[in-house]
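Only one structure is covered here, and it is reproduced in the block below.
Any read-out appearing in this document is the output of simple, stated calculations on the displayed coordinates, not a laboratory observation. Because the structure is a prediction, the values reported are computed rather than measured. Note: ideal-geometry Cβ built from the backbone for every residue, glycine included; neighbour counts use all protein chains shown.
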Amino acid sequence: MAEQVSSLLRRSVEHLADEVPDSYRLMLETLGPLLVEVDVDGERFALRGGQRLEVSEGATGMAGAQITTSRAAILDLLDAKVGLDEAVQVGAVGVRGSLDDILRAHDTLLAYVHAAIRAPSQPVLLSALRAGAP
């Protein structure tokens, strides 16, 4: 059975904290106190900043930003088959929340990607993400 996206993300951010601490701190600063709920193919989890970036199971119903997508759409974005703006326009990625919260979530995503490309542990986690794709 494929590893859940929330578990992969949790492992990823733990590695980022150790491998690229400056980039990890930038992610935390960018996210700030925002709570982001994510739904990937029905798997619901939440991200919260603070002293560490926490990935928790389930939805809280108190998120400032909500993102709905699929594992396939995430891989299409990572493989540059589609841009984020196009993925949102065609409905492969759904976003809800205030403009400020959506922009903060977007900027945190960019900080995450910039950190991940510098961390040696991430290719293995990306392979695990691909293993669960339909």
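Rounded, prolate or oblate: which fits the range 27-134 when a ≥ b ≥ c are the square roots of the eigenvalues of the alpha-carbon gyration tensor, with rounded for a/c under 1.5 and prolate only if a/b beats b/c? Judged from the Cα gyration tensor, the range 27-134 comes out rounded (a/c under 1.5). Helical content of the chain, expressed as a calculated mean residue ellipticity at 222 nm, amounts to -15500 deg cm²/dmol (DSSP H runs of 4 or more residues, -39,500 (n - 2.57) each, divided by residue number, nearest 500). Annotation: the antiparallel percentage among DSSP beta bridges lying fully within the chain is about 75.
Taking label points 7 Å from Cα along the Cα-to-Cβ direction, Gln89 and Ile117 give a separation of 2.3 nm.
Remark: the range 121-134, residue by residue, has Karplus-estimated 3J(HN,Hα) of 7, 5, x, 5, 5, 5, 4, 5, 5, 5, 4, x, 6, x Hz, where x stands for each Gly or Pro and the curve is 6.51 cos²θ - 1.76 cosθ + 1.60 at θ = phi - 60°. Could you check what % of the DSSP bridge pairs in the range 26-82 are antiparallel, to the nearest 5? Rounded to the nearest five, the antiparallel share is 65 percent.
In sequence order, the range 103-117 has phi-based couplings of 5, 5, 5, 4, 5, 5, 4, 4, 4, 4, 4, 4, 6, 4, 5 Hz under the Karplus curve 6.51 cos²θ - 1.76 cosθ + 1.60, θ = phi - 60°, and Gly or Pro positions carry x. Can you give the local net charge around His114? Use residues other than it whose beta-carbon is closer than 14 angstrom to its beta-carbon, Lys and Arg +1, Asp and Glu -1. Combined, the nearby Lys, Arg, Asp and Glu give -2. Each residue of the range 63-72 is assigned a 3J(HN,Hα), and the resulting list reads 6, x, 9, 10, 10, 10, 7, 10, 4, 4 Hz, derived from the Karplus form 6.51 cos²θ - 1.76 cosθ + 1.60 (θ = phi - 60°), x at Gly and Pro.
Ranked by the mean number of other Cβ atoms within 10 Å of their residues, highest first, the peptides 108-118, 80-90 come out as 108-118, 80-90. Compared with the alpha-carbon gap, the fully stretched path from Leu110 to Leu126 is longer by 4.1 nm at 0.36 nm per residue.
The modelled label-to-label distance for the pair Glu57/Gln4, using points 7 Å beyond Cα in the direction of Cβ, is 0.5 nm.
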